[in-house]
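K.L.:
Please see the structure below; I have some questions.
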Amino acid sequence: MNFLRTIWELFLEALYPSRCPVCNRILPGRKLRICPVCGGSFHLIEEHYCLKCGKPVPEMEEYCVDCKERKREFCQGRGVFLYNMQMKNSLLRYKYYGSREYGRYYAEEIFRHVGTQIKHWKPDVLVPVPMTRRKKRIRGFNQAEDLAEKIGELLQIPVAAGLAVKKKETKSQKKLNAAERMGNLKDAFVITESVQGLKILIVDDVYTTGSTIETLAGCLKESGAGEIYFVTLCIGQL
Ligand SMILES: [Zn+2]
Ligand SMILES: [Zn+2]
């Protein structure tokens, strides 16, 4: 069976060669996730980040402006890379142009850089940020779910993809202020199973204003969940 699987993988590889998540060139080896030139190209957030949400902050600051201003629904969270142009382009290819193999690289990097932190939080379950069924059908997959499954496998933590469901499409968040964003999202999420006392790690690809994760965290807590943490592949600057 393993032999057949290898043949099948080689066949697929010949048809759809894996590409580098940074420059999109064909990778020279089957085991490689990123090309040798691009290794280390994405901007890692290793120090000077908000102790609450993980956003980059000036050197002497402990918290970002948002986390200083108001109480958060989540306990703590981390984003691995900076959401810059390079990352934006990489995610565009991953989400919309069929470069699904990037997911392996993304998940391994999350595991490598914040795996210890996640283990320290000891979540019972990983919950990907859901998208509506319609959107998932159009896109073909939910990137948050893809990342959660791969991270869950690496960390040996179960993934509950159907636990949170997104019932309705929300307006684009970009032109709304913080309060409007929350209102926009509030009734969109439905929790479908008992989460009583569970420690939950929310997984998503990007954290910008944080309103999506914040709202989902609020819904989970309203349903009785315990501590909520989150991890995202990348996180915006301000
Ligand atoms: Zn490359
Ligand atoms: Zn913060």
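K.L.:
For PRO56, work out the one condition from (1) in contact (Cβ under 8 Å) with a residue 24 or more places away in the chain; (2) touching a helix residue (DSSP H, G or I) at 6+ places or on another chain (Cβ under 9 Å); (3) not charged (D, E, K, R) it doesn't fulfil.
P.N.:
If we test PRO56 against (1) in contact (Cβ under 8 Å) with a residue 24 or more places away in the chain; (2) touching a helix residue (DSSP H, G or I) at 6+ places or on another chain (Cβ under 9 Å); (3) not charged (D, E, K, R), just (2) comes out false.
K.L.:
Take the residues in the range 136-151 that are over 14 Å from ASP204 (Cβ atoms) and in a helix (DSSP H, G or I); name whichever of them is most open to solvent (accessible area, probe 1.4 Å).
P.N.:
ARG137
K.L.:
A further question on this structure: For CYS50, work out the one condition from (1) within 26 Å of PRO17 (Cα to Cα); (2) touching a strand residue (DSSP E or B) at 6+ places or on another chain (Cβ under 9 Å) it doesn't fulfil.
P.N.:
That leaves (1) as the condition not met.
K.L.:
For the range 187-210, name all the residues that are outside any loop (DSSP other than H, G, I, E, B) and open to solvent by less than 10 Å² (accessible area, probe 1.4 Å).
P.N.:
The answer is ILE200, LEU201, ILE202, VAL203, ASP205, TYR207.
K.L.:
Look at the range 67-105 and say how many of its residues are among the charged types (D, E, K, R) and part of a strand (DSSP E or B).
P.N.:
So the count comes out to 1.
K.L.:
Whether any residue in the range 3-15 is open to solvent by less than 60 Å² (accessible area, probe 1.4 Å) and within 16 Å of ligand 2 (Cβ to nearest atom) is what I want to check.
P.N.:
No: the range 3-15 contains no residue that is open to solvent by less than 60 Å² (accessible area, probe 1.4 Å) and within 16 Å of ligand 2 (Cβ to nearest atom).
K.L.:
Same structure, new question: State yes or no: is MET85 open to solvent by 80 Å² or more (accessible area, probe 1.4 Å), out of contact with any Lys or Arg (no Cβ under 9 Å at 6 or more places or on another chain) and either of a type in the set (D, E, K, R) or within 16 Å of ligand 1 (Cβ to nearest atom) (or both)?
P.N.:
For MET85, the condition - open to solvent by 80 Å² or more (accessible area, probe 1.4 Å), out of contact with any Lys or Arg (no Cβ under 9 Å at 6 or more places or on another chain) and either of a type in the set (D, E, K, R) or within 16 Å of ligand 1 (Cβ to nearest atom) (or both) - is met.
K.L.:
Counting only residues that are over 14 Å from TYR207 (Cα atoms) and among the aliphatic types (A, V, I, L, M), which one in the range 42-57 is least open to solvent (accessible area, probe 1.4 Å)?
P.N.:
It comes out as VAL57.
K.L.:
Now a separate question. As an exercise: evaluate CYS35 against (1) away from ligand 2 (no atom under 16 Å from the Cβ); (2) open to solvent by less than 50 Å² (accessible area, probe 1.4 Å); (3) within 21 Å of the chain's Cα centre (by Cα); (4) more than 12 Å from GLU101 (Cα to Cα) and give the number of the one condition it does not meet.
P.N.:
Against the list (1) away from ligand 2 (no atom under 16 Å from the Cβ); (2) open to solvent by less than 50 Å² (accessible area, probe 1.4 Å); (3) within 21 Å of the chain's Cα centre (by Cα); (4) more than 12 Å from GLU101 (Cα to Cα), CYS35 comes up short only on (3).
K.L.:
Let me ask something else about it. What is the one condition in (1) part of a loop (DSSP other than H, G, I, E, B); (2) at pLDDT 95 or above; (3) loosely packed, with under 14 Cβ neighbours inside 10 Å that TYR63 does not satisfy?
P.N.:
Here TYR63 clears every test but (3).
The values are calculated or read from the model by the stated rules, or taken from the named source; none is laboratory data. The model shown is predicted, which means the values in this text are computed figures rather than measured ones. A quick note on method: Cβ atoms are made from the backbone with ideal geometry, for glycine too, and the neighbour counts reach across all protein chains shown. Remember, those area values only see protein heavy atoms, side chains included, never the ligands or the DNA or RNA. Shrake-Rupley method; radii C 1.70, N 1.55, O 1.52, S 1.80 Å.
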